[in-house]
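S.K.: This is the structure, below, for whatever I ask next.
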Amino acid sequence: MKELWTLPGIRFFLAALFTVMSICLILTGCGRSENDLSGRSGSQGEISDDAPDEVSDDTDPDAPDNGAAYTLMTKVMDVINDPVFGDYGRLIFPVDRTISDDLELQDVGNILIWYNNVNPDRTVEIANYLHDQAAAGNQIFYDIYTEEEKAADPGKEDTGLFFFRGDPGAKTAVTNAGGGFMYVAAMHDSFPHALELSKKGYNAFALIYRPGADTACKDLARAIAFLYENAEELQIDMTDYSLWGGSAGARMAAWLGSYGTAAFGADTCPAPGAVIMQYTGLSDVTGNEPPTYACVGTSDGIASWRSMEDYISRIQENGTDAEIEVFDGLRHGFGLGEGTVAEGWLDHAVSFWERNMKK
């Protein structure tokens, strides 16, 4: 079975990635707030000269909650421990980041290192969406491994899929957050995307995976196979499914798109209809890339927009549909880009996916 470490060019990248990150963590410490992280390495192993933006403070924490379960001032631990979620509440937020008892939803951006433009209102919206869906009796979390597999490998306990339902029988997207293969920044880098896709009628899943490039790709491969196996029960259409990802999550989407699920130990599944990737710098082009959309900011100190343009250009040279949007002045990890020059990119990405649907 083909392992990630044997794939062209990736072994060298991973060695450099973890070396740089280890040095940066020693120098700066991994428990500091986002605003203390100027100059740290990013999720692709390059050094960033940019300090992440401060979390937006243009919201009113005293505003009425209109009966919502959570507000900006709700403690993150209160969401995690809410009985409505059962045992999987802890996976809504990064299990590999230290979360203090007094951290509020409006300050989640403080633990999402390497990310910018974190929207507190969006965080509250997602937490309330998940709460309301669970309270209504809709299953929103799915294990991708059996109890026996999790017992044999306890790390698999920290995996699974959050389901953002669209229309029954609609096509499917799988979103993958980044986090430098050290943690999963789902609350900013995959949950918002999945929620917006579900509003458009698509069925969207956000993967919670194990840190580490190899294990992350194995978890994504297993998740895709799980969705194929259970498509009828889930009422989803897996033909022309799309893989989405930001930063490290974009690498996962691209690697699965190029090499396939079998390369990472799962059953063989069809290639995605499209890969949607944000702010990551890849160099290897295999010739097997699916149609690929990319976006990045010109002030990204982690993923070079020029490298991404070159990557997309070489995919195009192979006769495959590909396009890139480059946004002036944006830093790494802008997510949906709400309130920035990137706002609306997700609509463009959906249009790209739709034009590459064969069925």
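Every number here is computed from the coordinates shown, using simple stated rules; none is lab data. If you're wondering where the values come from, they're calculated on a predicted model, not measured in any experiment. Because the Cβ atoms are built from the backbone with ideal geometry, glycine has one as well, and the counts that use them run over all protein chains shown.
S.K.: Under 5 Å between amide hydrogens, which residues at least 5 positions from residue 280 or on another chain qualify, with H placed 1.01 Å from N in the peptide plane?
M.R.: 247
S.K.: Can you tell me the dipole magnitude for the stretch 218-359 around its Cα centre, using point charges on the Cβ only (Lys, Arg +1; Asp, Glu -1), in Debye to the nearest 20? Show your work: numbers first, answer last.
M.R.: Values: 9 positive and 21 negative charges, 69 e Å.
Charge dipole, the stretch 218-359, about its Cα centre: 340 debye, nearest 20.
S.K.: A further question on this structure: Of 162, 142, 118, whose Cα points farthest to the positive end of the dipole of the stretch 118-174 (charges on the beta-carbon: +1 Lys, Arg; -1 Asp, Glu; origin at the Cα centre)?
M.R.: 118
S.K.: Continuing with the same structure: Once fully extended, how much extra length lies between residue 348 and residue 78, figured as 0.36 nm per residue of separation less the alpha-carbon to alpha-carbon distance? Before the final figure, lay out the partial values.
M.R.: On the way: separation 270, 0.36 × 270 = 97.20 nm, distance 3.63 nm.
Gain on extension, residue 348 to residue 78, equals 93.6 nm.
S.K.: For residue 156, list the lysines whose Cα falls under 17 Å from its own Cα; do not include residues on the same chain fewer than 8 positions away.
M.R.: List returned: 218.
S.K.: Is the shape of the stretch 152-293 best called rounded, prolate or oblate, per the rule: a/c under 1.5 gives rounded, else a/b larger than b/c gives prolate, else oblate, with a ≥ b ≥ c the square roots of the Cα gyration tensor eigenvalues?
M.R.: On the way: a/c = 1.24, a/b = 1.18, b/c = 1.05.
It comes out rounded by the Cα gyration axes.
S.K.: Given charges of +1 on the Cβ of Lys and Arg and -1 on the Cβ of Asp and Glu, with all other atoms neutral, how large is the dipole of the stretch 67-176 about its Cα centre, in debye to the nearest 20?
M.R.: Values: 8 positive and 19 negative charges, 76 e Å.
Magnitude of the dipole: close to 360 debye.
S.K.: Also, I was wondering about something else. Given charges of +1 on the Cβ of Lys and Arg and -1 on the Cβ of Asp and Glu, with all other atoms neutral, how large is the dipole of the stretch 176-272 about its Cα centre, in debye to the nearest 20? Mind showing how you got there, number by number?
M.R.: On the way: 6 positive and 10 negative charges, 69 e Å.
Roughly 340 debye for the stretch 176-272.
S.K.: Let me ask something else. So how far apart, in nm, are the two label points at residue 355 and residue 151 if each is 7 Å from Cα heading toward Cβ?
M.R.: 5.2
S.K.: Give the calculated FRET efficiency between residue 309 and residue 200 to the nearest 0.05, with a Förster radius of 41 Å applied to their Cβ-Cβ distance.
M.R.: Working: r = 28 Å, r/R0 = 0.67.
Efficiency computed from Cβ-Cβ geometry: 0.90.
S.K.: Would you kindly state how much longer the chain becomes between residue 102 and residue 318 on full extension, computed as 0.36 nm times their sequence separation minus their alpha carbon distance, in nm to one decimal?
M.R.: Working: separation 216, 0.36 × 216 = 77.76 nm, distance 5.20 nm.
Full-extension gain reported as 72.6 nm.
S.K.: A follow-up question, please. With unit charges on the beta carbon (Lys/Arg positive, Asp/Glu negative), name the residue among 291, 315, 265 whose Cα is farthest towards the positive pole of the charge dipole of the stretch 255-359.
M.R.: It is 265, whose Cα lies furthest towards the positive end.
S.K.: Okay, moving on. State the answer as a single residue: which of 184, 211, 151 lies farthest towards the positive end of the charge dipole of the stretch 149-236, with beta carbon charges of +1 for Lys and Arg and -1 for Asp and Glu, about the Cα centre.
M.R.: 184
S.K.: At 7 Å along Cα-to-Cβ for each site, give me the label-to-label distance between residue 139 and residue 95 in nm.
M.R.: 1.9
S.K.: Taking a ≥ b ≥ c as the square roots of the Cα gyration tensor eigenvalues, with a/c under 1.5 meaning rounded and otherwise prolate when a/b beats b/c, else oblate, which class fits the stretch 108-194?
M.R.: Working: a/c = 1.78, a/b = 1.10, b/c = 1.62.
It is oblate, given that a/c is not under 1.5 and a/b is not larger than b/c.
S.K.: Using a ≥ b ≥ c from the Cα gyration tensor of the stretch 143-190 (square roots of the eigenvalues), is it rounded, prolate or oblate, where a/c under 1.5 gives rounded and otherwise the larger of a/b and b/c decides, a/b for prolate?
M.R.: Details: a/c = 3.40, a/b = 1.29, b/c = 2.64.
Oblate is the answer for the stretch 143-190, as a/c is 1.5 or above yet b/c matches or exceeds a/b.
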